[in-house]
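As structure tokens, the structure follows; a few thoughts come after it.
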Amino acid sequence: MDAPRTFGPPRQATFHDIPYEKRWDHLKDIIAKAFLGDTTSSPLTFPKLSEFMKKHHGFDASPAQYRYRLGQWDIRKNTKKVEKTAAITALGKRNRVRGSTSDVKIRQGESMMPMDSKQVKRFINDSIRHHSVPPLTPGIVSQWNLPYIAYRASLGRQDDQASPFNCNPPTPQYLQINSPEASAGQALDMSPGVALIRRKTMLDRSSLLLQGRREELLSGCNVNDRRTLSDWLHDYWMYCFVTAKFWGTGPQEWTAGMVSEFTFGAATNGTPQNSRSPPARISGQSSSGSRLAEAPRPTQLCHWAIHHRDTVHYESLPSSPRVEQASFDPGDQSSWTAWTDSQRSQSYQNSIHEAFIHNRFSTTAPEEVPIACEVVSEVISTSNMPLALDSLAFAIMAGNVELISKTLCEMQHSAMTERLDLTGIHPYHLAASFLDGGRTCCLMLSELTWAFPDYHYPIALNNVDSNEHTVLDCLMISVLRSHTNLSPPEVSTSFVRCTRFPGEEKDICGRWNANSPELRQLYQSGQVKLPDF
């Protein structure tokens with residue numbers, strides 16, 4: 001054992017002139033430091049503490065008295081689970097390469113003392129070893145419909161919140177964390193302690209993502225991590241949407257570059273853009289008026305059409321066999337050809353699953369994303385039913401009736417229909433919110449009502465979504481959002497904290513869609529609300 005160090009004033013200053021009970025307060029800091037130890041002295045047990053104080057400071061008290069007094073002062077060697085969790089959360093959010101568990105100090109009485117890094121490391125190792133990965137919640141993949149800058153603007157900020165990402169409590173006042181930035185010229189290799197913290201943070205974030213706790217997930221990230229994660233997941237959303245919309249025609253396998261070129265291409269509002277690359281983000285100093293002026297506007301021409309099922313039977317002439325198209329011009333959709341029969345037999349669900357596993361949808365590398373991507377990939381690979389629901393959701397949002405029918409047939413063939421919890425996506429409400437009168441119109445609802453019997457999933461008035469809206473409510477909201485200047489709170493009390501309507505990225509008259517360059521550029525400029533017409 002290390003030689004004991006004499007803490008506090010010299011021996012002659014033992015406060016013998018003060019009554020015994022009051023001497024405890026004067027010797028409090030000396031007792032606490034001797035009990036906890038420091039960089040030059042090991043912590044003392046209660047018997048050793050009693051001996052130390054009597055020998056070096058002339059204070060005579062029993063081990064039981066020290067145990068009682070230190071308990072009253074809330075000074076202890078063992079760190080509580082909630083304290084270790086708070087420290088790890090704070091360090092994980094700071095994401096400093098040179099950060100360390102030794103940078104954390106915890107309040108012990110009236111002093112800030114270094115937290116026991118060994119206890120923290122043991123706690124992290126135990127947490128990682130016993131980490132339980134939750135299943136994929138249905139509808140989670142299809143909820144990341146906005147890039148970060150637009151999603152942040154869409155959040156209604158409460159009066160008592162400094163930030164929309166304020167659902168997580170701040171770092172407790174009993175903690176003091178010093179996480180220095182890496183100095184210039186220093187190696188950026190993580191220390192073992194930081195690597196442990198980073199791993200636990202990644203696992204915890206992955207669990208929040210899989211459970212659909214988006215606000216809590218983003219609140220636990222710093223600004224850079226929020227942007228990276230949100231934009232990466234939005235890239236996947238856009239990939240799934242574009243793939244679903246054009247399933248059966250054109251490219252069989254989209255890439256991140258193809259999606260970007262197609263969805264950020266020339267504007268269709270009569271003013272061609274010179275560049276097909278994604279527009280640079282508008283500076284935060286720009287006024288909202290200038291951003292709105294720069295953002296292109298969708299056409300005001302209504303594309304509404306009357307649709308019906310073709311009931312006329314005729315004998316068709318044999319057509320030449322379809323030939324697989326070798327190359328595609330993302331800017332010329334009219335040149336795309338329909339898929340061959342063998343290509344149509346592929347599974348959309350398998351396609352978006354493979355895209356996620358191999359990161360085909362984004363130019364951001366998986367190791368740059370602040371979650372445990374390999375854990376999420378593994379869960380998605382074993383989540384047939386939830387991914388089937390998300391596949392159906394994308395088919396509905398994209399308005400591809402043929403893909404809706406194919407997806408429903410695959411679900412029925414795999415005997416999933418009877419045990420599906422459709423409340424994860426509310427397909428009827430989703431179809432009403434993403435109704436496209438210029439293309440598929442009510443054919444989506446017809447396809448869905450045919451697939452789901454009333455006894456299993458009725459379209460009746462008692463079928464309400466998470467906003468307590470019926471299918472008819474959602475249909476009327478779609479009309480009001482596209483053809484009035486009403487704000488969401490004026491339409492429904494369920495939208496009291498909303499700044500945009502569900503399905504706003506798709507116009508009911510077919511004037512714009514989620515993949516429209518005008519809309520994507522609008523969102524990338526920080527606007528979340530379409531200009532009033």
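The values are calculated or read from the model by the stated rules, or taken from the named source; none is laboratory data. Being a predicted model, the structure only gives us computed values, none of them experimental. Cβ coordinates were reconstructed from backbone atoms using ideal geometry, including for glycine residues, and neighbour counts include every protein chain displayed.
Things to note:
- Against the conditions (1) more than 30 Å from R199 (Cα to Cα); (2) touching a residue at least 60 places away in the same chain (Cβ under 8 Å), L387 satisfies every one except (1).
- Positions within the range 469-486 being assigned to a loop (DSSP other than H, G, I, E, B) and modelled with pLDDT under 90, in sequence order: T484, N485
- The condition (being within 21 Å of the chain's Cα centre (by Cα) and closer than 27 Å to Q333 by Cβ) is satisfied by just one residue among G510, G503: G503.
- Candidates T449, T440, T407: the one that is touching a residue at least 60 places away in the same chain (Cβ under 8 Å) and not aliphatic (A, V, I, L, M) is T440.
- Unique match (being in contact with a Gly (Cβ under 6 Å, 6 or more places away or on another chain), small (G, A, S) and outside any helix (DSSP H, G or I)) among G526, G510: G510
- S446 vs. criteria closer than 25 Å to E402 by Cβ and surrounded by fewer than 20 Cβ atoms within 10 Å (Cβ to Cβ): yes
- Residue ID - farthest from C240 (Cα to Cα), chosen from residues in the range 323-366 that are of a type in the set (G, A, S) and touching a Phe, Trp or Tyr at 6+ places or on another chain (Cβ under 7 Å): S362
- Matching residues, the range 41-63, being under 51 Å from the mean Cα position of the chain (by Cα) and of a type in the set (A, V, I, L, M, F, W, C): L44, F46, L49
- Test set (1) of a type outside the set (K, R); (2) at pLDDT 85 or above; (3) not in a loop (DSSP other than H, G, I, E, B) - G289 fails condition number: (2)
- Taking the range 208-266 as the region of interest, the helices (runs of 4 or more DSSP H) fully inside it that hold 1 or more residues being in contact (Cβ under 8 Å) with a residue 24 or more places away in the chain and closer than 17 Å to A153 by Cα are 214-219, 223-245.
- Qualifying positions in the range 326-379 - without any contact (Cβ under 8 Å) to a residue 60 or more places away in the chain and farther than 25 Å from V141 by Cα: A326, S327, D329, D332, S334, S335, T340, D341, S342
Conditions tested, residue by residue: (1) closer than 19 Å to V471 by Cβ; (2) crowded, with 24+ Cβ neighbours inside 10 Å; (3) touching a helix residue (DSSP H, G or I) at 6+ places or on another chain (Cβ under 7 Å).
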site: V375; (1), (2), (3): no, no, yes
site: N384; (1), (2), (3): no, no, no
site: T407; (1), (2), (3): no, yes, yes
site: Q412; (1), (2), (3): no, no, no
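- Odd one out for T89 among (1) of a type in the set (S, T, Y); (2) over 30 Å from G220 (Cα atoms); (3) in contact (Cβ under 8 Å) with a residue 60 or more places away in the chain: (2)
- The set of residues in the range 326-379 being assigned to a helix (DSSP H, G or I), farther than 23 Å from L403 by Cα and not aliphatic (A, V, I, L, M) consists of P366, E367, E368, C373, E374, S377, E378.
- P489 meets all of the listed conditions (1) without any contact (Cβ under 8 Å) to a residue 40 or more places away in the chain; (2) part of a loop (DSSP other than H, G, I, E, B); (3) over 14 Å from M397 (Cβ atoms); (4) not small (G, A, S) but one, namely (2).
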